[in-house]
Amino acid sequence: QVALVESGGGLVQAGGSLRLSCAASGRTASTYGWFRQAPGKEREFLASISGSGDIRNYADSVKGRFAIDRDNPSNTVFLQMNSLKPEDTAVYYCVAGQVRGSSQPKHYDYWGQGTQVTVSS
């Protein structure tokens, strides 16, 4: 069992940055990641990182702007978001699963409660 608690969301102006944190507890998963969901849209994969922290994958839509990282001692996963745009406005979810590097929501067994990110123009 894995429990995930996100923090760090909020309101930011376009061009700004935010850093999301995800505190994980329980057993170590093979992969951790971040998804987001905007109103009226499907959940969108953003990034994943292996449990060891050495393998990362990114969606093309955020490559170069977002960075995922993991601190193993504290069992925390981070998503650094730079050059934010109004279209980045969504609820952001931290996830954990056993399929390494997957971008499919069905491969992630554990989801956090989500944190709202709003980017104003």
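The values are calculated or read from the model by the stated rules, or taken from the named source; none is laboratory data. These numbers were taken from a predicted model, which means no experiment stands behind them. We place every Cβ from the backbone using ideal geometry, glycine too, and count neighbours over all the protein chains shown. All accessible areas refer to the heavy atoms of the entire protein, side chains included, with ligands and DNA or RNA removed. Shrake-Rupley method; radii C 1.70, N 1.55, O 1.52, S 1.80 Å.
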Original post:
Quick one: would you say Val62 is touching a helix residue (DSSP H, G or I) at 6+ places or on another chain (Cβ under 9 Å), touching a residue at least 60 places away in the same chain (Cβ under 8 Å), of a type in the set (A, V, I, L, M) and open to solvent by less than 60 Å² (accessible area, probe 1.4 Å)?
Top reply: no
Original post:
Can you name the condition, by its number, that Asn72 falls short on among (1) out of contact with any strand residue (DSSP E or B) (no Cβ under 9 Å at 6 or more places or on another chain); (2) open to solvent by less than 40 Å² (accessible area, probe 1.4 Å)?
Top reply: (2)
Original post:
With respect to the numbered conditions (1) open to solvent by less than 50 Å² (accessible area, probe 1.4 Å); (2) without any contact (Cβ under 8 Å) to a residue 40 or more places away in the chain, which one is the sole condition not fulfilled by Gly40?
Top reply: (1)
Subject >> Segments classed as strands (runs of 3 or more DSSP E), wholly inside segment 77-121, with at least 1 members that are of a type outside the set (A, V, I, L, M, F, W, C) and closer than 19 Å to Arg19 by Cβ >> reply: 90-97, 115-120
Subject >> All positions within segment 81-114 that are of a type in the set (S, T, N, Q), surrounded by 15 or more Cβ atoms within 10 Å (Cβ to Cβ) and modelled with pLDDT of 95 or more >> reply: Thr89
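Quick one: is Phe35 touching a strand residue (DSSP E or B) at 6+ places or on another chain (Cβ under 9 Å), surrounded by fewer than 20 Cβ atoms within 10 Å (Cβ to Cβ), under 21 Å from Ser103 (Cα atoms) and not charged (D, E, K, R)?
no
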Subject >> Selection count where residues are open to solvent by less than 50 Å² (accessible area, probe 1.4 Å) and over 16 Å from Arg65 (Cβ atoms), scope segment 11-22 >> reply: 2
Original post:
In segment 12-62, what count of residues is obtained for those that are on the phi > 0 side of the Ramachandran plot and either assigned to a strand (DSSP E or B) or aromatic (Phe, Trp, Tyr) (or both)?
Top reply: 1
